[in-house]
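Inspection log for the structure reproduced underneath, given as C-alpha coordinates.
The values are calculated or read from the model by the stated rules, or taken from the named source; none is laboratory data. Fair warning: this is a prediction, and the values are worked out from it, not measured in the lab. Side chains included, ligands, DNA and RNA excluded: accessible areas come from the protein's heavy atoms. Shrake-Rupley method; radii C 1.70, N 1.55, O 1.52, S 1.80 Å.
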Amino acid sequence: MPISEPEVLKALESVIDPDLNRDIVSLGFVKKVSVDGGVVSVTVELTTPACPVKDLLRDQCADAIRALPGVESVEVQMTAAVRPREIPKEDALPHVRHCIAIASGKGGVGKSTVTVNLAAALAQSGAAVGVLDADVYGPSIPMMLGCRQYPYTQDGKIVPIETHGLKVMSFGPLVRRKGKPVMWRGPMVATTVRQLLQDVDWGELDYLLIDLPPGTGDAPMSVAQLAPLTGVVLVATPQHVAANIAAKSIALFEKLEAPILGVVENMAEFLCPSCGTATRIFSGLGGEELARRFSVPFLGSVPLDPAISESSDEGEPSFLAHSERPQADAFRVIAGNMAAQISIATLSKQPTPTAG
Ligand code: ADP
(Lines give C-alpha, C1' and ligand atoms only; values in the text may rest on other atoms or scores of the structure.)
Protein backbone atom coordinates (compact mmCIF):
# COMPACT_ATOMS: atom_id res chain seq x y z
CA MET A 1 0.00 0.00 0.00
CA PRO A 2 1.49 3.36 -0.96
CA ILE A 3 1.69 5.97 1.78
CA SER A 4 -1.03 8.65 1.53
CA GLU A 5 -0.81 12.32 2.45
CA PRO A 6 -3.73 12.07 4.95
CA GLU A 7 -1.82 9.26 6.67
CA VAL A 8 1.20 11.54 7.04
CA LEU A 9 -0.99 14.32 8.45
CA LYS A 10 -2.59 11.87 10.87
CA ALA A 11 0.86 10.83 12.07
CA LEU A 12 1.86 14.47 12.53
CA GLU A 13 -1.15 15.02 14.80
CA SER A 14 0.91 13.27 17.48
CA VAL A 15 3.44 16.14 17.46
CA ILE A 16 2.48 18.68 20.11
CA ASP A 17 3.94 22.18 20.30
CA PRO A 18 4.88 22.33 24.01
CA ASP A 19 4.46 26.14 24.20
CA LEU A 20 1.07 26.28 22.52
CA ASN A 21 -0.07 22.95 23.92
CA ARG A 22 -1.69 21.86 20.69
CA ASP A 23 -0.78 19.53 17.85
CA ILE A 24 1.00 21.08 14.89
CA VAL A 25 -1.66 19.97 12.38
CA SER A 26 -4.57 21.72 14.11
CA LEU A 27 -2.32 24.75 14.61
CA GLY A 28 -1.95 24.95 10.82
CA PHE A 29 1.82 24.55 10.95
CA VAL A 30 2.01 21.77 8.32
CA LYS A 31 2.20 23.66 5.05
CA LYS A 32 3.20 20.96 2.59
CA VAL A 33 3.19 17.18 2.45
CA SER A 34 4.55 15.30 -0.54
CA VAL A 35 4.97 11.58 -0.97
CA ASP A 36 7.07 9.98 -3.66
CA GLY A 37 7.10 6.21 -3.19
CA GLY A 38 8.72 5.69 0.21
CA VAL A 39 10.11 9.22 0.32
CA VAL A 40 8.11 11.69 2.40
CA SER A 41 8.80 15.44 2.55
CA VAL A 42 6.96 17.89 4.76
CA THR A 43 7.26 21.61 5.36
CA VAL A 44 6.44 22.87 8.83
CA GLU A 45 5.96 26.60 9.35
CA LEU A 46 6.52 27.83 12.90
CA THR A 47 5.26 31.10 14.35
CA THR A 48 8.73 32.52 14.92
CA PRO A 49 12.21 31.84 13.51
CA ALA A 50 13.48 32.11 17.10
CA CYS A 51 11.34 29.13 18.16
CA PRO A 52 13.11 27.48 21.12
CA VAL A 53 11.72 24.04 20.27
CA LYS A 54 12.47 24.04 16.54
CA ASP A 55 14.93 21.12 16.64
CA LEU A 56 12.73 19.11 18.99
CA LEU A 57 9.71 19.52 16.71
CA ARG A 58 11.76 18.64 13.63
CA ASP A 59 12.94 15.40 15.27
CA GLN A 60 9.46 14.52 16.49
CA CYS A 61 7.98 15.07 13.02
CA ALA A 62 10.66 12.88 11.43
CA ASP A 63 10.12 10.13 14.04
CA ALA A 64 6.32 10.21 13.64
CA ILE A 65 6.55 9.86 9.85
CA ARG A 66 9.30 7.25 9.99
CA ALA A 67 7.04 5.07 12.12
CA LEU A 68 4.56 4.72 9.21
CA PRO A 69 4.87 1.44 7.31
CA GLY A 70 6.59 1.78 3.95
CA VAL A 71 8.51 4.99 4.72
CA GLU A 72 12.09 4.81 3.50
CA SER A 73 13.26 8.36 4.05
CA VAL A 74 11.91 11.58 5.52
CA GLU A 75 12.74 15.19 4.88
CA VAL A 76 11.38 17.80 7.29
CA GLN A 77 11.85 21.40 6.30
CA MET A 78 11.31 23.94 9.07
CA THR A 79 10.31 27.48 8.08
CA ALA A 80 8.78 30.34 10.07
CA ALA A 81 6.39 33.23 9.56
CA VAL A 82 5.65 35.48 12.51
CA ARG A 83 1.87 35.57 12.91
CA PRO A 84 0.85 39.22 13.35
CA ARG A 85 -1.19 40.59 16.21
CA GLU A 86 -4.69 41.70 15.31
CA ILE A 87 -4.06 44.94 13.42
CA PRO A 88 -7.01 47.35 13.47
CA LYS A 89 -7.65 49.63 10.48
CA GLU A 90 -6.47 52.77 12.24
CA ASP A 91 -3.29 51.20 13.56
CA ALA A 92 -0.22 53.38 14.09
CA LEU A 93 2.14 50.65 12.89
CA PRO A 94 0.33 48.46 10.38
CA HIS A 95 3.55 46.88 9.06
CA VAL A 96 4.93 45.95 12.46
CA ARG A 97 3.76 42.49 13.51
CA HIS A 98 4.63 42.93 17.19
CA CYS A 99 5.69 45.83 19.42
CA ILE A 100 7.31 44.77 22.66
CA ALA A 101 8.16 47.22 25.43
CA ILE A 102 11.23 46.52 27.55
CA ALA A 103 10.61 48.01 30.98
CA SER A 104 12.24 48.17 34.39
CA GLY A 105 11.19 49.32 37.83
CA LYS A 106 14.25 51.60 37.96
CA GLY A 107 17.27 52.71 35.92
CA GLY A 108 20.61 50.95 35.68
CA VAL A 109 19.35 47.38 35.79
CA GLY A 110 20.40 46.62 32.20
CA LYS A 111 17.15 47.36 30.35
CA SER A 112 18.92 48.86 27.30
CA THR A 113 21.56 46.13 27.33
CA VAL A 114 18.87 43.48 27.31
CA THR A 115 16.99 45.34 24.53
CA VAL A 116 19.92 45.46 22.09
CA ASN A 117 21.01 41.90 22.75
CA LEU A 118 17.52 40.43 22.45
CA ALA A 119 17.11 42.40 19.22
CA ALA A 120 20.40 40.99 17.91
CA ALA A 121 19.42 37.44 18.90
CA LEU A 122 16.01 37.72 17.19
CA ALA A 123 17.61 39.19 14.06
CA GLN A 124 20.19 36.41 13.95
CA SER A 125 17.39 33.84 14.00
CA GLY A 126 16.07 35.40 10.79
CA ALA A 127 13.45 37.86 12.07
CA ALA A 128 13.11 41.45 10.84
CA VAL A 129 13.77 43.55 13.94
CA GLY A 130 13.65 47.23 14.87
CA VAL A 131 14.68 49.03 18.05
CA LEU A 132 13.05 52.22 19.26
CA ASP A 133 15.00 53.91 22.02
CA ALA A 134 12.32 55.78 23.95
CA ASP A 135 14.40 56.11 27.13
CA VAL A 136 14.42 59.89 27.26
CA TYR A 137 16.34 59.96 30.51
CA GLY A 138 19.29 57.94 29.25
CA PRO A 139 19.13 57.18 25.54
CA SER A 140 22.08 54.81 25.36
CA ILE A 141 21.01 52.60 22.45
CA PRO A 142 22.86 54.57 19.69
CA MET A 143 26.10 54.24 21.66
CA MET A 144 25.50 50.55 22.43
CA LEU A 145 24.89 49.83 18.75
CA GLY A 146 27.70 52.06 17.49
CA CYS A 147 25.34 54.31 15.48
CA ARG A 148 27.51 57.06 14.07
CA GLN A 149 25.19 58.56 11.50
CA TYR A 150 21.98 60.51 12.15
CA PRO A 151 18.65 59.42 10.77
CA TYR A 152 17.44 61.44 7.76
CA THR A 153 14.09 62.05 6.11
CA GLN A 154 12.99 60.78 2.75
CA ASP A 155 9.58 61.38 1.16
CA GLY A 156 8.37 62.91 4.42
CA LYS A 157 9.35 59.88 6.51
CA ILE A 158 12.27 59.40 8.88
CA VAL A 159 14.60 56.64 7.69
CA PRO A 160 15.90 54.65 10.67
CA ILE A 161 19.59 53.89 11.04
CA GLU A 162 20.52 50.36 9.96
CA THR A 163 23.19 48.62 11.96
CA HIS A 164 24.00 45.03 13.04
CA GLY A 165 21.00 43.87 10.98
CA LEU A 166 18.60 46.10 12.99
CA LYS A 167 16.61 49.23 12.18
CA VAL A 168 17.23 51.74 14.95
CA MET A 169 15.60 55.00 15.97
CA SER A 170 16.41 56.93 19.12
CA PHE A 171 15.45 59.92 21.19
CA GLY A 172 19.20 60.39 21.63
CA PRO A 173 19.83 63.09 19.04
CA LEU A 174 16.73 64.96 20.28
CA VAL A 175 17.70 64.81 23.92
CA ARG A 176 21.30 65.95 23.84
CA ARG A 177 21.40 69.49 22.63
CA LYS A 178 24.78 71.16 23.06
CA GLY A 179 25.63 68.62 25.71
CA LYS A 180 22.73 69.65 27.93
CA PRO A 181 19.99 67.18 28.72
CA VAL A 182 16.49 68.39 27.85
CA MET A 183 13.87 68.25 30.60
CA TRP A 184 11.13 65.98 29.38
CA ARG A 185 7.67 65.86 30.81
CA GLY A 186 5.10 63.15 30.09
CA PRO A 187 3.13 65.01 27.37
CA MET A 188 6.34 65.96 25.52
CA VAL A 189 7.48 62.37 25.66
CA ALA A 190 4.11 61.24 24.34
CA THR A 191 4.16 63.70 21.41
CA THR A 192 7.68 62.75 20.42
CA VAL A 193 7.06 59.04 20.75
CA ARG A 194 3.94 59.35 18.62
CA GLN A 195 6.11 61.02 15.99
CA LEU A 196 8.83 58.41 16.25
CA LEU A 197 6.31 55.60 15.92
CA GLN A 198 4.26 57.06 13.08
CA ASP A 199 6.74 59.08 11.07
CA VAL A 200 9.51 56.52 10.93
CA ASP A 201 9.61 54.31 7.87
CA TRP A 202 10.08 51.04 9.72
CA GLY A 203 9.18 48.91 6.70
CA GLU A 204 7.96 45.38 7.46
CA LEU A 205 9.07 44.29 10.92
CA ASP A 206 8.43 41.09 12.82
CA TYR A 207 9.41 42.64 16.14
CA LEU A 208 9.89 46.25 17.25
CA LEU A 209 11.54 46.39 20.67
CA ILE A 210 10.86 49.63 22.53
CA ASP A 211 13.30 50.58 25.28
CA LEU A 212 11.02 52.41 27.72
CA PRO A 213 12.09 55.10 30.16
CA PRO A 214 12.70 53.39 33.53
CA GLY A 215 10.26 53.38 36.41
CA THR A 216 6.53 53.75 36.72
CA GLY A 217 6.14 57.49 36.05
CA ASP A 218 4.06 59.08 33.33
CA ALA A 219 6.85 58.89 30.71
CA PRO A 220 7.04 55.08 30.49
CA MET A 221 3.30 54.76 30.88
CA SER A 222 2.49 57.20 28.06
CA VAL A 223 4.87 55.37 25.73
CA ALA A 224 3.30 52.07 26.67
CA GLN A 225 -0.15 53.49 25.93
CA LEU A 226 0.79 54.94 22.56
CA ALA A 227 2.39 51.88 21.05
CA PRO A 228 0.16 48.99 20.01
CA LEU A 229 1.92 46.61 22.38
CA THR A 230 1.74 42.85 22.19
CA GLY A 231 3.31 42.83 25.62
CA VAL A 232 5.95 43.97 28.06
CA VAL A 233 9.21 42.38 29.18
CA LEU A 234 10.32 43.42 32.66
CA VAL A 235 14.07 43.50 33.39
CA ALA A 236 15.11 43.24 37.03
CA THR A 237 18.21 42.66 39.10
CA PRO A 238 17.85 40.80 42.37
CA GLN A 239 18.65 43.77 44.60
CA HIS A 240 16.18 45.98 42.77
CA VAL A 241 13.35 43.58 42.50
CA ALA A 242 12.27 44.61 45.92
CA ALA A 243 8.82 43.15 45.44
CA ASN A 244 7.03 46.50 45.72
CA ILE A 245 8.79 48.13 42.73
CA ALA A 246 8.31 45.13 40.50
CA ALA A 247 4.75 44.62 41.71
CA LYS A 248 3.96 48.24 40.91
CA SER A 249 5.33 47.88 37.36
CA ILE A 250 3.44 44.67 36.75
CA ALA A 251 0.19 46.11 38.13
CA LEU A 252 0.49 49.28 36.04
CA PHE A 253 1.10 47.47 32.79
CA GLU A 254 -1.71 45.07 33.47
CA LYS A 255 -3.98 48.07 34.03
CA LEU A 256 -2.99 49.30 30.57
CA GLU A 257 -3.96 45.87 29.25
CA ALA A 258 -0.40 45.22 28.12
CA PRO A 259 0.27 41.59 28.99
CA ILE A 260 3.53 40.86 30.78
CA LEU A 261 5.41 38.52 28.44
CA GLY A 262 7.84 37.73 31.21
CA VAL A 263 10.63 38.69 33.57
CA VAL A 264 14.34 38.78 32.64
CA GLU A 265 16.76 38.57 35.53
CA ASN A 266 20.02 40.45 34.94
CA MET A 267 23.37 40.44 36.74
CA ALA A 268 22.26 37.90 39.33
CA GLU A 269 25.27 35.66 38.88
CA PHE A 270 28.94 36.09 38.13
CA LEU A 271 30.49 33.24 36.16
CA CYS A 272 34.17 32.86 37.01
CA PRO A 273 36.03 32.97 33.68
CA SER A 274 38.72 30.53 34.86
CA CYS A 275 36.75 27.87 36.73
CA GLY A 276 33.18 28.51 35.50
CA THR A 277 31.73 28.63 39.05
CA ALA A 278 28.52 30.67 39.30
CA THR A 279 28.33 33.05 42.25
CA ARG A 280 25.07 34.79 43.13
CA ILE A 281 25.99 38.35 43.94
CA PHE A 282 22.93 39.77 45.68
CA SER A 283 20.69 38.19 48.22
CA GLY A 284 17.47 39.84 46.99
CA LEU A 285 14.43 38.22 45.43
CA GLY A 286 15.47 36.41 42.25
CA GLY A 287 13.73 36.81 38.90
CA GLU A 288 12.36 33.28 38.90
CA GLU A 289 10.71 33.72 42.27
CA LEU A 290 9.43 37.15 41.30
CA ALA A 291 7.83 35.70 38.17
CA ARG A 292 6.27 32.90 40.20
CA ARG A 293 4.91 35.33 42.78
CA PHE A 294 3.12 37.37 40.11
CA SER A 295 2.18 34.40 37.92
CA VAL A 296 4.06 35.70 34.90
CA PRO A 297 6.57 33.74 32.78
CA PHE A 298 10.27 33.70 33.70
CA LEU A 299 12.19 34.23 30.45
CA GLY A 300 15.71 33.64 31.73
CA SER A 301 18.76 35.05 33.46
CA VAL A 302 21.71 37.00 32.03
CA PRO A 303 24.95 36.59 34.02
CA LEU A 304 27.10 39.53 35.02
CA ASP A 305 29.90 39.46 32.47
CA PRO A 306 32.41 42.28 31.94
CA ALA A 307 32.36 41.45 28.21
CA ILE A 308 28.75 42.71 28.12
CA SER A 309 29.59 46.24 29.25
CA GLU A 310 32.84 46.32 27.26
CA SER A 311 31.14 45.48 24.00
CA SER A 312 28.35 47.97 24.78
CA ASP A 313 30.99 50.65 25.13
CA GLU A 314 32.48 49.55 21.81
CA GLY A 315 29.14 49.77 20.03
CA GLU A 316 28.45 46.09 19.40
CA PRO A 317 25.92 43.86 21.17
CA SER A 318 27.83 41.32 23.28
CA PHE A 319 25.56 38.63 21.83
CA LEU A 320 27.37 39.18 18.50
CA ALA A 321 30.80 40.24 19.77
CA HIS A 322 31.22 37.36 22.26
CA SER A 323 29.05 34.61 20.85
CA GLU A 324 31.22 31.96 22.53
CA ARG A 325 30.41 33.12 26.06
CA PRO A 326 27.49 31.88 28.21
CA GLN A 327 25.87 35.33 28.06
CA ALA A 328 25.19 34.80 24.32
CA ASP A 329 23.36 31.53 25.06
CA ALA A 330 21.40 33.32 27.77
CA PHE A 331 20.24 36.00 25.33
CA ARG A 332 19.37 33.34 22.70
CA VAL A 333 17.28 31.42 25.23
CA ILE A 334 15.52 34.56 26.47
CA ALA A 335 14.79 35.74 22.90
CA GLY A 336 13.33 32.31 22.10
CA ASN A 337 11.20 32.27 25.23
CA MET A 338 9.98 35.80 24.56
CA ALA A 339 9.10 34.94 20.94
CA ALA A 340 7.24 31.87 22.20
CA GLN A 341 5.25 34.01 24.66
CA ILE A 342 4.40 36.40 21.82
CA SER A 343 3.12 33.46 19.75
CA ILE A 344 1.07 32.23 22.72
CA ALA A 345 -0.44 35.70 23.27
CA THR A 346 -1.23 36.06 19.56
CA LEU A 347 -2.67 32.62 18.90
CA SER A 348 -4.83 32.70 22.01
CA LYS A 349 -6.69 35.65 20.46
CA GLN A 350 -7.07 34.16 17.00
CA PRO A 351 -9.40 31.50 15.61
CA THR A 352 -7.87 28.09 14.90
CA PRO A 353 -6.24 28.09 11.47
CA THR A 354 -7.01 25.22 9.14
CA ALA A 355 -4.27 22.78 8.35
CA GLY A 356 -3.05 22.46 4.81
P1 ADP B 1 19.39 50.63 32.00
O2 ADP B 1 18.98 50.66 30.56
O3 ADP B 1 18.49 49.77 32.84
O4 ADP B 1 19.58 51.98 32.60
P5 ADP B 1 21.94 49.70 31.00
O6 ADP B 1 21.55 48.68 30.01
O7 ADP B 1 22.36 51.04 30.49
O8 ADP B 1 20.80 49.88 32.09
O9 ADP B 1 23.08 49.05 31.91
C10 ADP B 1 23.69 49.76 32.97
C11 ADP B 1 25.17 49.39 33.02
O12 ADP B 1 25.32 48.04 33.40
C13 ADP B 1 25.87 49.53 31.67
O14 ADP B 1 27.18 49.98 31.88
C15 ADP B 1 25.89 48.11 31.12
O16 ADP B 1 26.97 47.88 30.22
C17 ADP B 1 26.06 47.31 32.41
N18 ADP B 1 25.46 45.96 32.31
C19 ADP B 1 24.17 45.65 32.09
N20 ADP B 1 23.97 44.32 32.13
C21 ADP B 1 25.18 43.76 32.39
C22 ADP B 1 25.64 42.40 32.55
N23 ADP B 1 24.80 41.37 32.50
N24 ADP B 1 26.97 42.21 32.82
C25 ADP B 1 27.82 43.27 32.90
N26 ADP B 1 27.44 44.55 32.76
C27 ADP B 1 26.14 44.81 32.50
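Here the contact order of segment 1-87, divided by its residue count and restricted to Cα pairs under 8 Å and six or more residues apart, works out to 32 percent. Cross-link partners for K349 among the lysines, with Cα-Cα distance under 24 Å and sequence neighbours closer than 8 places in the same chain left out: K31, K54, K89, K255. Per residue, the accessible area of segment 286-348 comes to 42 Å² when a 1.4 Å probe rolls over the protein heavy atoms. By the compact-protein rule of thumb, 2.2 N^0.38 Å, the alpha-carbon radius of gyration of segment 98-151 corresponds to a ratio of 1.15.
Taking all protein chains together and a 1.4 Å probe, the residues M1, M221 rank M1, M221 from largest to smallest accessible area. Amide H to amide H, with H built 1.01 Å from N, V200 comes under 5 Å of I158, counting only residues 5 or more places away or on other chains. Scattering from the C-alpha atoms of segment 45-120 alone, worked out with Debye: what is log10 I(q)/I(0) at q = 0.13, 0.21, 0.23 1/Å? Log-scaled intensity ratios, in q order: -0.67, -1.01, -1.08.
The order of D23, D218 by accessible area, most exposed first and with a 1.4 Å probe, is D218, D23. Computed over protein heavy atoms with a 1.4 Å probe, the accessible surface of segment 1-101 works out to 51 Å² per residue. Give the shape of segment 191-324 as rounded, prolate or oblate, defined through the alpha-carbon gyration tensor: a ≥ b ≥ c are the square roots of its eigenvalues, a/c under 1.5 means rounded, and otherwise the shape is prolate if a/b is larger than b/c and oblate if not. It comes out oblate by the Cα gyration axes.
Just the protein heavy atoms count here, and of the accessible area of segment 243-320 at 1.4 Å, carbon and sulfur take up 53 percent. Screening the chain for whole DSSP H helices with an alpha carbon extent of at least 24 angstrom along the helix axis and a mean Kyte-Doolittle hydropathy of at least 0.5 yields 326-347. Taken over the chain, the percentage of Cα pairs per 10 Å bin, counting from 0 up to the bin with the maximum distance, is 5, 24, 30, 23, 12, 5, 1, 0.
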